[in-house]
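S.K.: Structure in structure tokens, see below.
The values are calculated or read from the model by the stated rules, or taken from the named source; none is laboratory data. Quick caveat, the model's predicted, so the values are computed rather than measured. Neighbour counts run over all protein chains shown; Cβ positions are idealised from the backbone, glycine included. Keep in mind that these areas ignore ligands, DNA and RNA; they rest on the heavy atoms of the full protein, side chains included. Shrake-Rupley method; radii C 1.70, N 1.55, O 1.52, S 1.80 Å.
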Amino acid sequence: MGIKNKGLINIHHLNQEQILHILNLAAELKSALNRKKPEDYKLGRGKDILLARLFYENSTRTRASFEIAGQRLGFNITGFDSTEGSSVKKGESLVHTLDMFDAYQADVLVLRHPLDGAAKVASNRLQIPVFNAGDGKHQHPTQTILDLFTIIEHTGRLDNLEVGLSGDLKYGRTVHTLALALSLFSNNTIHLYSPSNLPMPPNIIGLLEERNTKVIHHDKLETMVPDLDIFYQTRIQKERMPDPFEYEKAKKGGIFNAHCMELTKDGFGLMHPLPIDKSLPGIEPALDIHPKSIYKMQAGNGVPTRMALLALSLGLAKDLPAKSSHEEQIIDHFYKELPIRKTPPKKEVSIRPIRERGVVIDHMIPYSERLLSILLNVADKQNAYRAATVRSVSRPDNLKGMLMIENRRLTKEELHLVATLSPGARVNNITDAQVTKKLQLSLPRLIEGINELRCPNVSCITRPRHQEHISPRFEKIGSETLQCSYCGHVVSSQELFNHI
Ligand code: CP
């Protein structure tokens, strides 16, 4: 997926080549801005382009730099920079608010929202490019583009780097996105240092390791700093912590002070996405003017990088190289037919078998049969089905769920449901007490339309408590592992099932 007509929701949507293309354009625009040459950077070229920026959360840098980027390109700007004074305060949902800016014919939309996955909701709802300006603790991909721009500007490269990430690694979306982006480049090592209760989420560490990015955990800043090319400090995200005790514990995290700076090597750069919380500064204020502190320059790079992103999304600059279609073409095979052995029905089955016509769902996750009987609309039809968790006859140590339904075949949608709740189950069609078709199920590639499922992430926009009415959707990323399409939370099919 490129940026043209799409915007940027998730750093996963970009590959290394595409990132470098954005950074090159941003460098050209920065140079044109420095030379004060509007003819070289006002890429709107007199077109009537409307940028809508909707900020449901506080912001100084992201909002201002997107606005300035739009203005420098020659766009008009609309939207809101706080929900105060907007009809969000009257209870309007995100999608209804998005629909308004669609009705007003906005050409591009920038969204910051406190819920994980909100930007994905916006990109699904709208046909125009959407930029994720930070969605909860999930991602902040345009921040990452400016971070990468700053790193390459300061060190001259994006590979062979030793990068330290510190502060709130649990709730800090900037570090999640930056770590994932750095893992696209070769031979980078990510050093992690955080309060013990705010570690980097395991699914992100798993992705880094899958891409052969070395991850080193530290318990002292002093031992981490001497090796680093870049140290990236972050603010403790108090506003995302459900438990105030979590913040009290997090306060014990380290501060990057003058002593740490003395330990750094030549060419080192101290970065921070900002803001720094003055009541709990992660960087000693006196270091603001140190030549190795590059966070002011980093924030300034928000303008040319966001100009590049906006221009590319609207086709105002040469497009990004597309990812090969092969990467995006996946076929869903969630069942396969098994050969049928001509053996007489087993006598020692624990529940009465189907003797005439029906379906037997076997090898299900134990105790999942009751729920499935509800979802297949047989639970209230006493004579139509039998369900139990039983010991396997061939392997008595194993428990398995079974559901037998008289006079029934499963549709493809129903097979999909069974495969979702019980990947590994087998479905047998029975006619005259003989198996006539046997299917082996596996986890489907895509799970949607089952509103009973819950993403385990309580900050996910699909959770009913947020009242956004977004149906959950999961994509398969491993044989029994799924990822929420909105917030990126990774969950096993078993855990997903337990949440029902
Ligand atoms: N870095 C960043 O997102 O800053 P703001 O919250 O001020 O936009």
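S.K.: Give me a comma-separated list of calculated 3J(HN,Hα) values for the stretch 211-217, in order, Karplus coefficients 6.51, -1.76, 1.60 applied at θ = phi - 60°, integers in Hz, x for any Gly or Pro.
M.R.: Calculated HN-Hα couplings, in order: 8, 6, 8, 6, 10, 10, 8 Hz.
S.K.: Is the stretch 142-292 best put as rounded, prolate or oblate by its Cα gyration tensor, with a ≥ b ≥ c the root eigenvalues, rounded for a/c under 1.5, and otherwise prolate when a/b is larger than b/c, oblate when not?
M.R.: Oblate.
S.K.: While we're here: Mind listing the phi-derived Karplus ³J(HN,Hα) values for the stretch 40-57, rounded to whole Hz, using 6.51, -1.76 and 1.60 with θ = phi - 60°, and x for any glycine or proline?
M.R.: 9, 10, 7, 6, x, 6, x, 6, 8, 10, 10, 9, 9, 10, 10, 10, 8, 9
S.K.: Here's something else I'd like to know. Quick one: which residues, 5+ away or cross-chain, put their amide H under 5 Å from the amide H of A133? H built at 1.01 Å from N.
M.R.: Sorted by chain and number, the residues that satisfy this are L111, R112.
S.K.: Any chance you could give the angle, 0 to 90 degrees and rounded to 10, that helix 412-421 forms with the longest Cα principal axis of the chain?
M.R.: Roughly 70 degrees, rounded to the nearest 10.
S.K.: Loop only per DSSP, at most 16 neighbouring Cβ atoms within 10 Å: give me the trypsin sites (Lys or Arg not before Pro) in the stretch 29-69, ordered by residue number.
M.R.: Loop-located and lightly packed - R35, K36, R45, K47.
S.K.: Mean residue ellipticity at 222 nm from the helices of the chain, using -39,500 (n - 2.57) per DSSP H segment of n ≥ 4 over the full residue count, to the nearest 500 deg cm²/dmol?
M.R.: The per-residue figure over the chain is -8500 deg cm²/dmol.
S.K.: How high is the relative contact order of the stretch 142-292, in percent, counting Cα pairs under 8 Å that sit 6 or more residues apart?
M.R.: 26
S.K.: Compute the accessible area per residue over the stretch 446-497, keeping the other protein chains in place, probe 1.4 Å, unit Å².
M.R.: Averaged over the residues of the stretch 446-497, the accessible area is 45 Å².
S.K.: Okay, next question. Out of the total accessible area of the stretch 142-292 (probe 1.4 Å, heavy atoms of protein only), what percent is carbon and sulfur?
M.R.: 53
S.K.: For D99 and E356, what does the FRET efficiency come to when R0 = 45 Å and r is the distance between their Cβ atoms, rounded to the nearest 0.05?
M.R.: Efficiency for this residue pair is about 0.30.
S.K.: For a label point 7 angstrom out from the Cα of R341 toward its Cβ, which stretches of the stretch 403-429 have the backbone nitrogen within less than 18 Å?
M.R.: Counting only backbone N, you get 425-429.
S.K.: Quick check: Cα centre of the stretch 1-55 to Cα centre of the stretch 234-270, how many Å?
M.R.: That distance is 31 Å.
S.K.: Greater than 26 Å separation of Cα atoms is the criterion. Which listed pairs, K137/K476; K336/K400; K4/K170, meet it?
M.R.: Over 26 Å apart, Cα to Cα: K4/K170.
S.K.: Tell me the accessible surface of T234 in square angstrom (1.4 angstrom probe, heavy atoms of protein chains only), to the nearest ten.
M.R.: Accessible area, nearest 10 Å²: 10 Å².
S.K.: Please give the per residue accessible area of the stretch 335-441, computed with a probe of 1.4 Å over protein heavy atoms only, in Å².
M.R.: Accessible surface, normalised per residue, equals 58 Å².
S.K.: How large a share of the accessible area of the stretch 446-497, in percent, is made up of carbon and sulfur atoms when the probe is 1.4 Å and the other protein chains stay in place?
M.R.: Carbon and sulfur atoms account for 42 percent of the accessible area of the stretch 446-497.
S.K.: Keeping all protein chains in place, calculate the accessible area per residue for the stretch 4-51 (probe 1.4 angstrom), answer in Å².
M.R.: With all protein chains present, the stretch 4-51 gives 53 Å² per residue.
S.K.: Against the longest principal axis of the chain, how steep is helix 141-155, in degrees 0 to 90 to the nearest 10, with axes from Cα atoms?
M.R.: The angle comes out at about 50 degrees.
S.K.: Still on this model: Helix 173-182 versus the longest principal axis of the chain: what angle, 0 to 90°, nearest 10, using Cα atoms?
M.R.: On a 0 to 90 degree scale, this one is about 90.
S.K.: Still on this structure, please answer the following. Please go through the residue pairs K238/K265; K30/K120; K37/K296; K220/K292; K220/K265 and name each one whose alpha carbons sit more than 27 Å apart in this structure.
M.R.: Table pairs above 27 Å Cα-Cα are K238/K265; K30/K120.
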